[in-house]
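Trainee: Got a structure for you, questions after.
The values are calculated or read from the model by the stated rules, or taken from the named source; none is laboratory data. All figures in this text were calculated on a predicted structure; none of them were measured in a lab. All Cβ positions, glycine included, derive from the backbone under ideal geometry; neighbour counts span all protein chains shown. Ligands, DNA and RNA are excluded from the accessible area calculation, which covers all protein heavy atoms including side chains. Shrake-Rupley method; radii C 1.70, N 1.55, O 1.52, S 1.80 Å.
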Amino acid sequence: MSISDASGTRRGVKKKDLIITPDDKILVTGAAGFIGNKVVEVLIQYGFHNLRCFIRPSGNRARLDRILDSLPWIRSLEIMEGNLLSEQDCMAATRDVAVIYHLAAARGEKSFPDAFMNSVVTTRNLLKSTLENRALKRFVNVSSFSVYSNTRKRGMRLDESCPLEPHPELRGDAYCFAKVKQEAVVTEYSRQHGIPCVTFRPGFVFGPGNEGITGRVGISGFGVFLHLGGSNQIPFTYVDNCAEAIVLGGLRRGVDGETFNVVDDDLPTSRRFLAMYKKNVCRFKSLYVPHAVSYLLCYLWEKYSSWSEGQLPPVYNRKNWHAYWKRTRYTNEKLKNMLGWQPRVPADVAFDNYFGSCRLKRKNA
Amino acid sequence: MLRVAILGCGKIADAHASQIQRIRGCEIVGVCDREELMARQLYERFRVRQYFNDLNKMLKVARPDVVHITTPPQSHYALARECLSRGCHVYVEKPFAISFNEAQDLIDFAGKKGLKVTVGHDDQFRPATRRMRELVRCGFLGKRVVHMESYYCYELGGSGYANALLSDKNHWVRQLPGGLLHNIISHGIARISEFLTTEDPCVHAVGFISPALKNRGENVLKDELRVIITEECGTTACFTFSSQMRPSLHQFRIYGSRNGLLLDQDSETLIRLRGERRKSYLEHFVTPLTLARQYAENSLTNVRLFLANDFHMKEGMKYLIQSFYYSIDEDAPLPIPYREILLTARIMDRIFEQTNATGSAGIAHRITRPLSLETPCLPN
Ligand SMILES: NC(=O)c1ccc[n+]([C@@H]2O[C@H](COP(=O)([O-])OP(=O)(O)OC[C@H]3O[C@@H](n4cnc5c(N)ncnc54)[C@H](OP(=O)(O)O)[C@@H]3O)[C@@H](O)[C@H]2O)c1
C-alpha cells in the first residue's frame, strides 16, 4: 500500500516504510510561516491529522485557519500559541509527539543576536524539552543552503557532502551565522542524547507568500537593480515541492542522521529568471555586473569594512560572493534516491503561480 | 589597560562590543548573559577573552574595571548596584533606571564607593550634536535659552518588534511603568534636560494610543506623547514622541534670546537660525541661499568625517564610552553630568504619572487652568 495525496496521486512511500502511524502526534513549529503551513497541508494530504501546529501569537494565523476551514472534518488539528524561547512552551509543545518538524526560525533578520536567539536558542530549548519524551521518533531540522561556503572550484556541484562554513561570523550575514549554529546544536544533541535527526537544506524557496527576488539573482538598493547571477543556475525550490520533501524526511524509515539538499528540477539561470520576471511581473532597469567585477567589488568592500572597523558593515565579502554569486551546480539526487521524492509541481506551473502572485502583490501594494 | 565587561548579550551589546573595540587602551575581558548561548555567540563573534552565564562569576574571574549593563531596563538598578558594590564603574544603557528614586540611589551609591556611572544617551555625542553643544557654549544662542523643541519618534509600523510587542501581553516593555514610551523617549528628553536650569520643572503630558494601534487591537500601550515643560525662569520646551507621524523625526530645535539652532539627527545636520531678519525681500531671497549653503557645508562635513573614518553609525556611542573611560582614567568630569541623568529621570517620572493617570481612554479632554502670562508654570 502506498500513500496517496488528496488528488489521489500515489506518492512513492509504502506504509511499511513509515516510522509512524497516522494516529501518532506530529509537531510542526513555525506552522504559520511560509513553508510551515505548506508542511501542515501536505501532512494532512498524506493522512496525518493528529497535528500540533506551534505558532507565535504574532504569527499569521489566517493561513492555518484557511486550511482548517477547508477541512472542517479534521478535529485533531491543534493550534498552540507560544514562543520557543520559553522552556515551558517547549515542554508543552513537545509532549507526546512522535515527529517534530522544526521550521520556526528568524528570517530576514539583520541583527545577529535576534537571528541567533530565534534560531539557535529556540532550537536548543526544543531539543532539551524532547529529552524526557520517549515517544519521539524523529526530529526534522530545517536548515538552509546559506550554511555552505562553497569556496571550491567554480562550476563545481554542491551536494550534501560539501563542508559547512567554518567561520560563519565572518560572512557578515546574521542568517547564515544562526543557521550554521542551529545545525551545530542539533548535531550536538543528536550525538549526546541519541535524538534521531534528519536535516533539510532548501535552496531558495519561492511561491505565493514569498514574492521577493532572491539576492542570488541580484540586489537592488543602489538606485538600479544590479544583476549579479548572470548565467549561474539558481537553486530554486517551489514551496509545495520543498514542503513535500520535508514531510517525507520525517516519515521515512532508514534516513536518521541524513542531510538533504532541496532543489527542484529544471533550474533556470539567473538571466533567464530575470527575463521571465520582467516579462511576467514588471519591467525595470537592471545592470549586469560580470562575476569578476562583483568579486572585485566584494573584495574591496570587505577590505574597506575591515580597515574602517565596520564603518560599512561587512555585508559584502568574498565568502558571501562564493556562497551566492559563484557559478555552482546543484543536485537533488539524494532526495530522489533516498526519499523517493519528485517535484509535485513542475517548474513551468510553479513559476506561473509565483509570477501570478507577484503581480497580485504589486497590484495590492 | 582598562578591563571592560558586558552584561546582557542582546542587540545593543553588539554595538557596545564593536565600539569598545575601536578604543585603544581597553579590552573586553568578559561577556555575560543568563542564557549561555547568547554570551557565547558574542564571545565568538568579537573574539573576547571569556564568556559567562553568571554575573558573580564574571566579576570574580574576569575582574573588570567597568561593566556595561545592556539588559532590559527593569534589571538595570539591581545589576548596576551589584557591580558598584563589587568595585566596578558602570555604564548603564538607557533608560538609566525605571524611576527617579532608583536613579538617585545609584548615583549616591556610586559616589559613596568612589566610582562613576553613566547612561547610554549616546545620541547626545553624535558629531552634529557635539557641534551644537560647542556653539551653545560659545554663546551663539544669546544670553539664555528661551525655548526648545525635541522630536523623538519611532516608526512602529509592521516591524517584527511591533508584532512581537503587540501580540505578547507579557512582553518586558509592557512591564515598564511608561510602557513603550519608557523604553524609547529618554534620548529625546535628555536633549532638553541638558539645557534646563532648575531641578524640578513643571511637566504637562498627554499620552494616548494612536488610531493605527487601536485598529490592531491595542488598548494599553501608548504610542503617542506630547509634553510641555516649563521652568520658573521662563524657559520652556515641547517634546513629541509619535509612532505614526511621517517623517519620523529625530530633531532638536533650540532658540535663545539671539539665535536658534536646528539639529537633525537623521540627516546629521546642524543649521544656524539667524535671529536678525534681513531687510524686506532680501529675507526671502538671501535666507534660502544661506540655508542652502549651510546644508551643503553639512553634507561636506559628513563626507569628510566619513573619509576620516569618524562617521560610524554608532559614532556617538564610541565618543561617549571613550569620554567615560577617560573620565575614569584621568579623574576628569563625566561626559554626562549626574544632574542631567537625574533631571531626565524626574521628567520621565512626571510624564508617566500623567499618562498613566489618563488610563487607556486616549486623549483626556479635561479643562485645565488657562495659561497665565505671568506664571509660565503649567498646572501639573
Ligand atoms: N524561505 C526560504 O527561502 C528558505 C530557504 C531555506 C531555508 N528556509 C528555512 O525554512 C524554515 C521556514 O522558513 P519560512 O520561509 O517558512 O520562514 P517564515 O515564514 O519566517 O516562518 C518562520 C516562522 O518561525 C516563527 N518563529 C520565529 N521565531 C520564533 C520563536 N521564537 N518561537 C516560535 N516561533 C518562532 C515565525 O513566527 P512569526 O510568524 O510570529 O514571525 C514564523 O512563523 C526556516 O528554518 C528557514 O530558515 C527557508
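For (1) open to solvent by less than 40 Å² (accessible area, probe 1.4 Å); (2) within 10 Å of the ligand (Cβ to nearest atom); (3) over 22 Å from the mean Cα position of the chain (by Cα); (4) farther than 13 Å from A:I26 by Cβ, each residue gets a yes or a no:
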| residue | (1), (2), (3), (4) |
| --- | --- |
| A:L51 | yes, no, no, no |
| A:F54 | yes, yes, no, no |
| A:P57 | no, yes, no, yes |
| A:R61 | no, yes, no, yes |
| A:D69 | no, no, yes, yes |
| A:S76 | no, no, yes, no |
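Trainee: Among residues belonging to the range B:251-267 that are more than 18 Å from B:G139 (Cα to Cα) and open to solvent by 30 Å² or more (accessible area, probe 1.4 Å), point out the one that is nearest to the chain's Cα centre (by Cα).
Mentor: Step by step, filter the range B:251-267, then rank; the result is B:D266.
Trainee: Here's a follow-up. What tally of residues in the range B:261-286 results from selecting those that are more than 19 Å from B:Q124 (Cβ to Cβ) and touching a residue at least 12 places away in the same chain (Cβ under 8 Å)?
Mentor: Of the residues in the range B:261-286, 4 are more than 19 Å from B:Q124 (Cβ to Cβ) and touching a residue at least 12 places away in the same chain (Cβ under 8 Å).
Yes or no, residue by residue, for (1) more than 18 Å from the chain's Cα centre (by Cα); (2) within 14 Å of chain A (Cβ to nearest Cβ); (3) under 13 Å from B:T344 (Cβ atoms); (4) in a helix (DSSP H, G or I):
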position	(1), (2), (3), (4)
B:Y161	yes, yes, no, yes
B:R174	yes, yes, no, yes
B:H182	no, no, yes, yes
B:A190	no, no, yes, yes
B:T197	yes, no, no, no
B:D200	yes, no, yes, no
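Trainee: Let me ask something else. Out of B:G157, B:G179, which single residue is on the phi > 0 side of the Ramachandran plot and at pLDDT below 95?
Mentor: From the options B:G157, B:G179, the qualifying one is B:G157.
Trainee: Let me ask something else about it. Can you go through B:R293, B:R277, B:R304 and tell me which one is of a type in the set (D, E, K, R), loosely packed, with under 14 Cβ neighbours inside 10 Å and within 14 Å of chain A (Cβ to nearest Cβ)?
Mentor: Criteria check complete, one pass: B:R304.
Trainee: What single numbered condition from (1) more than 30 Å from B:H68 (Cβ to Cβ); (2) open to solvent by 20 Å² or more (accessible area, probe 1.4 Å); (3) aliphatic (A, V, I, L, M) fails to hold for B:L141?
Mentor: (2)
Trainee: Specify which of the listed residues (A:F236, A:F204) is within 16 Å of the ligand (Cβ to nearest atom) and open to solvent by less than 30 Å² (accessible area, probe 1.4 Å).
Mentor: Result of the check over A:F236, A:F204: A:F236.
Trainee: May I ask you to verify whether B:Q74 is surrounded by fewer than 21 Cβ atoms within 10 Å (Cβ to Cβ), closer than 28 Å to A:L170 by Cβ and away from every other protein chain (no Cβ under 14 Å)?
Mentor: no
Trainee: Moving on. Going by the conditions given, is A:R107 of a type in the set (D, E, K, R), near the ligand (Cβ under 10 Å from one of its atoms) and either surrounded by 21 or more Cβ atoms within 10 Å (Cβ to Cβ) or closer than 29 Å to A:L164 by Cβ (or both)?
Mentor: yes
Trainee: For the range A:306-323, does any single residue satisfy the condition of being under 30 Å from A:V247 (Cβ atoms), crowded, with 18+ Cβ neighbours inside 10 Å and either more than 14 Å from chain B (Cβ to nearest Cβ) or touching a Leu at 6+ places or on another chain (Cβ under 6 Å) (or both)?
Mentor: yes
Trainee: What tally of residues in the range B:144-186 results from selecting those that are under 30 Å from B:G275 (Cα atoms) and either small (G, A, S) or surrounded by 20 or more Cβ atoms within 10 Å (Cβ to Cβ) (or both)?
Mentor: Of the residues in the range B:144-186, 8 are under 30 Å from B:G275 (Cα atoms) and either small (G, A, S) or surrounded by 20 or more Cβ atoms within 10 Å (Cβ to Cβ) (or both).
Trainee: Could you pull out the residue among B:G207, B:G217 that is part of a strand (DSSP E or B) and either buried (at least 20 other Cβ atoms within 10 Å of the Cβ) or within 14 Å of another protein chain (Cβ to nearest Cβ) (or both)?
Mentor: Answer to the selection: B:G207.
Trainee: Here's a follow-up. Here are A:G250, A:G215, A:G257: which of them is away from the ligand (no atom under 16 Å from the Cβ) and either open to solvent by 20 Å² or more (accessible area, probe 1.4 Å) or within 30 Å of A:P22 (Cβ to Cβ) (or both)?
Mentor: A:G257
Trainee: Right, something else. Among the residues of the range A:17-40, how many are charged (D, E, K, R), at pLDDT 95 or above and not in a loop (DSSP other than H, G, I, E, B)?
Mentor: Residues in the range A:17-40 being charged (D, E, K, R), at pLDDT 95 or above and not in a loop (DSSP other than H, G, I, E, B): 1 in total.
Trainee: Filter the range A:152-197 down to the residues that are away from the ligand (no atom under 14 Å from the Cβ) and among the β-branched types (V, I, T) and list them by number.
Mentor: A:T187, A:I195
Trainee: For the range B:21-32, name all the residues that are under 19 Å from A:E169 (Cα atoms), within 11 Å of chain A (Cβ to nearest Cβ) and not polar (S, T, N, Q).
Mentor: Answer for the range B:21-32, where residues must be under 19 Å from A:E169 (Cα atoms), within 11 Å of chain A (Cβ to nearest Cβ) and not polar (S, T, N, Q): just B:R22.
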